[in-house]
Amino acid sequence: MLTIASTSPSPNAPPPAVVLHGYGAGLGFFFQNFPPLAQWAGRRNTSVFALDWLGMGRSARIPFTVKAKREDIQGRVAEAESFFIDSLEEWREKMGLNRMTLIGHSLGAYFSVAYALKYPTRVNKLILLSPAGVPHGPNYEEPSRELTDDVQSPPSAQAGASNAKESSTFHRATQGRVKKMQDEQKQKKQQESRTRKLFTYLWEEGWSPFQVVRSTFVWGPMLIGKVRLLVLLHLLRILIVYRSTPLAASLA
């Protein structure tokens, strides 16, 4: 955990900001953001915290197993969400914070929303950076609909909407469309190769690439070092090719 605290805290200061990283990352990913956040904390006489989620960064690798059955998707999601957001709530209680402004990136943004839904009175603001699970629709003017929304709009409203947006690509997520999508997903899953099925099974059982690397013991750092070297050599090749192009010469 990283703590940035004001030297002159004020009782009227805004709630502290809590920075939450994404999957497989750590608080070090925000190192360039800490100086301006520290300046903000100094001006507003408040604090900034940056955390590592459990199992990531320098946090503990606490064993976790999903108990819900594989076909119970909602149950599995709820268990996984609770593992992370309840740990954030336990941390808040131990720190004695009343409310927080959550700054989440990617998976951290997803968990920030899940936390706000479960503990709304503890959240001051949400700042979501490239949030996972929030896709862009094909038509940004169309409102999103719940999958179980069966409410029918009045005929006059439907006619007005169709005239105003004749080129709309929006389709309501009716139960029929959802079932069709699920059937297509099942069909594609049946066509998967054995290797893909194996990786999918390991992923659903809690195995991640990071866990595989850690299980190699002393060979783990060697493997990571080799991958880093290959990435560096690839970047150097790209840089050499770029600097030899006429465009790079003209820009220089």
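We did not get these values from a lab; they are worked out from the coordinates using the rules stated. The model shown is predicted, which means the values in this text are computed figures rather than measured ones. Every residue, glycine as well, gets a Cβ built from its backbone with ideal geometry; the counts of neighbours run over all protein chains shown.
A few notes on this one:
- Pairwise FRET efficiency - Leu198 versus Gln32, Cβ, R0 = 51 Å, nearest 0.05: 0.85
- Of Lys94/Lys125; Lys189/Lys226; Lys67/Lys180; Lys94/Lys226; Lys67/Lys118; Lys94/Lys197, pairs whose Cα-Cα distance is over 32 Å: Lys189/Lys226; Lys94/Lys226; Lys94/Lys197
- Spin-label model distance (nm) - Arg228 vs Phe64, 7 Å beyond Cα toward Cβ: 2.6 nm
- Between segment 210-231 and segment 1-64, the alpha-carbon center distance in angstrom: 28 Å
- Pairwise FRET efficiency - Leu2 versus Lys188, Cβ, R0 = 51 Å, nearest 0.05: 0.75
- FRET efficiency estimate (nearest 0.05) - Cβ-Cβ, Glu90 to Gln39, R0 25 angstrom: 0.25
- In terms of overall dimensions, the C-alpha atoms belonging to segment 15-129 reach 50, 28, 25 Å along their principal axes, ordered largest to smallest.
- Residues Ser215, Ser208, Ser8 arranged by fewest to most Cβ contacts within 10 Å: Ser8, Ser215, Ser208
- For segment 6-62, chymotrypsin sites (Phe, Trp or Tyr not before Pro) meeting the loop criterion (DSSP other than H, G, I, E, B) and having at most 11 other Cβ atoms within 10 Å: Phe31.
- Ranked list, fewest to most other Cβ atoms within 10 Å of each Cβ, for His234, His105: His234, His105
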